[in-house]
Amino acid sequence: MGNKITITAGNVRVLVELNDTRSAKSVWEALPFDAEARTWGDEIYFSIPVKMGLENGQEVVDKGDVGYWPPGSAMCLFFGPTPVSRGGEIRPASAVTVLGKIVSDLGQLRQVRDGMHLKVTRAEE
């Protein structure tokens with residue numbers, strides 16, 4: 001599949017497999033970078049040094065999806081319902097570009113708190 005990145009916050013470390021969209025390639029080229037976590041329901045999002053428009057935008061995503069949210073130039077990690085979700089769906093604030101999928105334990109994302117320091121790097125093979 002695609003390139004893998006690691007997102008670390010304290011003791012939390014998740015592995016993300018990027019897809020082959022132009023947006024995912026832009027994120028890969030910008031690595032490494034630091035960010036500050038924000039939480040919104042079961043979503044963690046953070047500003048990244050990449051500015052892009054929407055690519056194949058999705059209003060509803062799957063558990064474990066990693067998205068790019070153009071209005072905030074933000075990467076979003078989806079691991080459950082957000083405040084605007086209806087029923088069992090996972091709904092971003094507005095459409096996102098799906099960049100890839102978290103391929104490690106999603107449960108650990110519940111330990112990430114608002115304001116935590118994040119490090120986003122290319123994964124060691």
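Worth pointing out:
- Each of F46, F78 was scored by other Cβ atoms within 10 Å of its Cβ. Arranged with the fewest first, they read F46, F78.
- Approximate spin-label separation R22-L106, in nm, with each point projected 7 Å along Cα-to-Cβ: 3.0 nm
- Using just its DSSP H runs of length 4 or more, each adding -39500 (n - 2.57), the chain gives a mean residue ellipticity at 222 nm of -2000 deg cm²/dmol after division by all residues.
- Proximal lysines to K51, defined as alpha-carbon separation beneath 22 angstrom and excluding residues fewer than eight positions away on the same chain: K4, K25, K101, K119
- Within a Gaussian network of the chain (alpha carbon springs, distance under 10 Å), most fluctuating of G67, G87, G115: G87
- Computing Rg and the Kirkwood Rh from the Cα coordinates of the stretch 4-122 gives a ratio, Rg/Rh, of 0.91.
- Cα-based radius of gyration of the stretch 1-73 once divided by 2.2 N^0.38 Å, which approximates compact folds: 1.08
- Net charge dipole, the stretch 4-122: roughly 180 debye, given to the nearest 20, about the Cα centre with Cβ charges of +1 for Lys and Arg and -1 for Asp and Glu.
Rule-based calculations on the coordinates, nothing more; no lab input. Just so it is clear, the structure is predicted and the values come from calculations on it, not from any experiment. Note: ideal-geometry Cβ built from the backbone for every residue, glycine included; neighbour counts use all protein chains shown.
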